[in-house]
Amino acid sequence: MLTIKQIQEFRNFLEKSQNPLFLFDNDVDGLCSFLLFARFCGKGKGVAIKTFPSVGGTYIKKVHEFKPDYIFVLDKPLIDKDFRNSVKEFGIPIVWIDHHPIPDYAKEEGIYYFNPLQQKASNEPTSYWAYKIIKNKREEWIAMIGCLADWFIPDFAESFAKDYSDLFIQTKNPAKALYETEAGKIVKILSFALKDRTSIVVKMLKNLLTLKTPYEILDMTPKTISIHRRYKQINKKYEKILSKARDIARSSKKLLFFQYGGELSLSSELSNELHYFYPDRIIIVAYIKGTKVNVSLRGSNVRDLAINALEGMESTCGGHKEASGATLRIEDLPKFRDRLVKLVK
Ligand SMILES: [Mn+2]
């Protein structure tokens, strides 16, 4: 968890900053963390980071462009050395909040690092702590959406359920919350909308900064029409791929291994929903693009399982214990699959 002192310290950075730049993970937890902080500050610029898993060196151009006095990094587990070094030369502090495993350079000079894993090893989503930092009840719904997106039912869920009984039923089961409530539908809408062209995402962020209630996302208004357009477009493709995966699930047992291609990666959404349908299975969703494969994994101890299966391959693997991601080369995919089958047995 974060200590009261850390919460205050982070809040001070937000209050001090005249021109904050928010670099956030390109998912709904990252987005909601940005919205909570930027709405609190009433200023600043947000950039959804598309390099994965780290903040890539190319994003230094945003620092040139925007000339911030503070850089806030939200929900990203890593920052490239190029980026850190250039920012250090400018003398701009990096205030970094995350809930993934802690890199060894987190204590580097010029970096102020906040992670609930540091004390008592809890790993609440970034938007959970963002809400504790800004402490404004009116913003609770934004934090709730961010937490749900990361499969986390926060301590303020009950209060949210009271305020928005038509959007959420009090439950301790995040899968149920995500796939059986309107609040969960908002998560999906935002998640798909983030997959749009950068210029459209920029417009979306501007609009989201002005919303007063979650209903404005569910209803199609002038502010949210482009969000809905993108959602519908992607959802159609998504449902198609999902039903293919469920066909495969019918003939698989402990391990559900599904691979697909196409222009758009929907792996984390697919693996989440498959985990909802088949909570006791190991879910592996592999997205093939060119010669590379991005894999999204869900299930008990799946990160360790993947690390084992990837041994000796040119690959990466990270994320959380039961919800993680990996990359590998396409020629290694059959071997990866075979090893998983053996390990799961
Ligand atoms: Mn997160």
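Each reported figure results from applying straightforward, stated rules to the coordinates on display, with no laboratory input. Given the structure is predicted, the values throughout are model-derived calculations rather than measurements. No Cβ is skipped: glycine too gets one built from the backbone with ideal geometry, and neighbour counts run over all protein chains shown.
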Cβ-based charge dipole, the stretch 194-345, positive-most Cα from P222, S271, F257: P222
Beta bridge orientation in the chain: antiparallel %, DSSP, nearest 5: 40 percent
Simple spin-label estimate for E182 and S159 in nanometres, 7 Å along Cα-Cβ: 2.1 nm
Amide H contacts under 5 Å for Y112, placed H, 5+ residues apart: I94, V95, W96
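Mind pulling the per residue volume of the convex hull built on the Cα atoms of the stretch 1-136? Å³ is fine. All intermediate terms of the calculation are to be shown ahead of the outcome.
On the way: hull volume 12.7 nm³, N = 136.
Per residue, the Cα convex hull of the stretch 1-136 comes to 93 Å³.
To the nearest 0.05, how large is the calculated FRET efficiency for T51 and K212 if R₀ is 25 Å and r is the Cβ-Cβ distance?
Values: r = 33 Å, r/R0 = 1.31.
Efficiency computed from Cβ-Cβ geometry: 0.15.
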Spin-label model distance (nm) - K16 vs T221, 7 Å beyond Cα toward Cβ: 3.6 nm
Rotationally averaged projected area of the stretch 153-242 (alpha carbon convex hull; nm²): 6.4 nm²
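Do you know the relative contact order of the chain, to the nearest whole percent, from alpha carbon pairs under 8 angstrom that are 6+ apart?
On the way: 571 pairs, mean separation 38.9, N = 345.
Reported as a whole number, the value is 11 percent.
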Rounded to 5, percent antiparallel among DSSP beta bridges of the stretch 225-336: 75 percent
Only Lys, Arg (+1) and Asp, Glu (-1) charged, at Cβ; the stretch 252-344 dipole about Cα centre in debye: 220 debye
Estimated vicinal HN-Hα couplings, Hz - the stretch 190-196 in sequence order (Karplus 6.51, -1.76, 1.60; Gly, Pro = x): 5, 4, 6, 5, 5, 8, 8
Inter-label distance for T58 and I330, nm, one decimal - labels placed 7 Å from Cα along Cα-to-Cβ: 2.0 nm
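Which length gain, in nm to one decimal place, applies between K5 and R197 when the Cα-Cα distance is subtracted from 0.36 nm times their residue separation?
Numbers: separation 192, 0.36 × 192 = 69.12 nm, distance 3.92 nm.
Separation in residues times 0.36 nm, less the Cα-Cα distance, equals 65.2 nm.
Sum up the charges of everything whose Cβ sits under 14 Å from the Cβ of E108, counting Lys and Arg as +1 and Asp and Glu as -1, but leave E108 out. Walk me through the numbers on the way to the answer.
Working: positive: K81, R84, K88, K107; negative: D80, D82, E89, D104, E109.
It works out to a net charge of -1.
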